[in-house]
1. Considering only segment 66-94, how many residues are within 15 Å of residue 12 (Cβ to Cβ) and surrounded by 13 or more Cβ atoms within 10 Å (Cβ to Cβ)?
2. Here are 63, 151, 135: which of them is surrounded by fewer than 16 Cβ atoms within 10 Å (Cβ to Cβ) and either in a helix (DSSP H, G or I) or in contact with a strand residue (DSSP E or B) (Cβ under 9 Å, 6 or more places away or on another chain) (or both)?
3. Taking the residues in segment 89-128 that are among the small types (Gly, Ala, Ser) and modelled with pLDDT of 90 or more as candidates, determine which candidate is nearest to the chain's Cα centre (by Cα).
4. Determine the pairs where a residue that is touching a residue at least 12 places away in the same chain (Cβ under 8 Å), located within segment 33-48, has a partner that is of a type in the set (A, V, I, L, M) and in a loop (DSSP other than H, G, I, E, B) with Cβ atoms under 8 Å apart, the partner being 6 or more residues away or on another chain.
5. Cβ contacts < 7 Å: first residue without any contact (Cβ under 8 Å) to a residue 12 or more places away in the chain, restricted to segment 82-105; second residue surrounded by fewer than 13 Cβ atoms within 10 Å (Cβ to Cβ), any location; separation 6+ or different chain. Result?
Amino acid sequence: MTGRPVETWKKFNFATPPGWAYALLILVCLGGLGLIAFAIVLAVVSQRASGYLPLTRSSSRTATLALWIPVGLLLAGPVAFAIALIFALASNDATASTITAVFLWLGILVLGVGLLGRLVVTPLIRPRGKVMEAAPGQTDRIVELRNVHPAFVAAVQQHQQARAAQYAPAPQAPFLLGPK
């Protein structure tokens, strides 16, 4: 990701749903049940691949934080709603109503920031990959990586060329016909 020498390896999981799956976004109009159905269908039909990528310690830490901070915020939203519900049911005085309103708005804010972070910020910071269909006769899927440094791309191409040259058939000496 940075072009600096490798210090650690981090496992990444990539998933790419087929193009037709996005037509199922209409299910989201059904509300929470439609959103759950959409998420389940996307999880079932997506092409998946995982593997380790070389990173520096700082880029590994940044990639980890870019994933877990939005997830933590998304988990904190329902907690704030639960606290608001507890205060709303516990008492009818003005202080409880104020605390309920504060936690309700805090929950909405935290959920919004968590969604924004997960859907916008995380893909810009972490490596992304598009998983291709497995080619006929192949067991592995090709993953097209994005958000990686050009030096990494050059190193991978050099590695692939060296590996291809290793498996290329050796050139044979031309067969010369001699005099009879």
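1. Quick first cut of segment 66-94, residues within 15 Å of residue 12 (Cβ to Cβ) only: 66-68.
Subsequent filtering for residues that are surrounded by 13 or more Cβ atoms within 10 Å (Cβ to Cβ) retains 66-67.
Summing the residues that are within 15 Å of residue 12 (Cβ to Cβ) and surrounded by 13 or more Cβ atoms within 10 Å (Cβ to Cβ) in segment 66-94 gives 2.
2. Details: 63 fails: surrounded by fewer than 16 Cβ atoms within 10 Å (Cβ to Cβ); 135 fails: either in a helix (DSSP H, G or I) or in contact with a strand residue (DSSP E or B) (Cβ under 9 Å, 6 or more places away or on another chain) (or both).
Every option except 151 fails the conditions.
3. Step one: of segment 89-128, the residues among the small types (Gly, Ala, Ser) are 90-91, 94, 96-97, 101, 107, 112, 114, 117.
Remaining after also requiring modelled with pLDDT of 90 or more: 101, 107, 112, 114, 117.
Numbers: 101: 34, 107: 25, 112: 19, 114: 15, 117: 12 Å.
Filtering segment 89-128 for residues that are among the small types (Gly, Ala, Ser) and modelled with pLDDT of 90 or more, the one nearest to the chain's Cα centre (by Cα) comes out as 117.
4. 47/132
5. Within 7 Å, the pairs are 96/90.
The values are calculated or read from the model by the stated rules, or taken from the named source; none is laboratory data. All values reported here derive from a predicted model rather than from experimental measurement. With ideal geometry, Cβ positions are generated from the backbone for all residues, glycine too; neighbour counts draw on all protein chains shown.
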